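Before any comments, here is the structure.
No value in this document is a laboratory result; all are computed from the given coordinates. This structure is a prediction, so every number in the text was calculated from the model and none was measured. Quick reminder, even Gly has a Cβ in these numbers, built from the backbone with ideal geometry, and neighbours come from all protein chains shown.
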Amino acid sequence: MRRYGNKYVYLQGKPRRMDKQSLIYRIYDLYADGFRSMTLGKTLWAVIIVKLLIIFAVLKLFFFPNYIEANAPEGGEADFVATEMMERGAQAGNGQQ
């Protein structure tokens with residue numbers, strides 16, 4: 001592990017010295033410095049992530065029921081999916097919906 005300025009740098013599990021002029025270092029430093037100096041933003045990001053997790057959990061539970069489990073016989077899920085795809089493909093080919 002090498003110390004570069006006040007930063008330790010690891011690439012592929014091995015310590016490497018990064019040139020301050022390299023594009024990768026400048027991009028990393030931009031984001032690291034931005035998140036380091038953020039105060040209110042960290043809280044807002046946490047709130048956004050929690051809200052997204054709740055939204056997707058609710059959508060999954062209430063709006064996307066397990067259609068295959070409810071309609072396919074036990075052990076015949078693959079055949080059920082194949083039959084449904086062929087029937088819906090035939091209907092779409094005839095202009096029906």
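Count the net charge of all other residues whose Cβ sits under 13 Å from the Cβ of Ala70, scoring Lys and Arg as +1 and Asp and Glu as -1. Before the final figure, lay out each step's value.
Details: positive: none; negative: Glu69, Glu74, Glu77, Glu84.
Residues near Ala70 contribute -4 overall.
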request  = Kindly rank 37-47, 80-90 from highest to lowest mean number of other beta carbons found within 10 Å of each residue.
outcome  = 80-90, 37-47
key: Spin-label pair Ala78/Met38, simplified geometry with 7 Å Cα→Cβ offset, distance in nm   = 4.5 nm
ask   = Quick one: if you stick a label point 7 Å off each Cα along the C-beta vector at Asn71 and Ala90, how many nm between them?
value = 1.5 nm
ask   = Taking 0.36 nm per residue of separation and subtracting the Cα-Cα distance, what length does fully extending Asp29 through Val58 add?
value = 6.7 nm
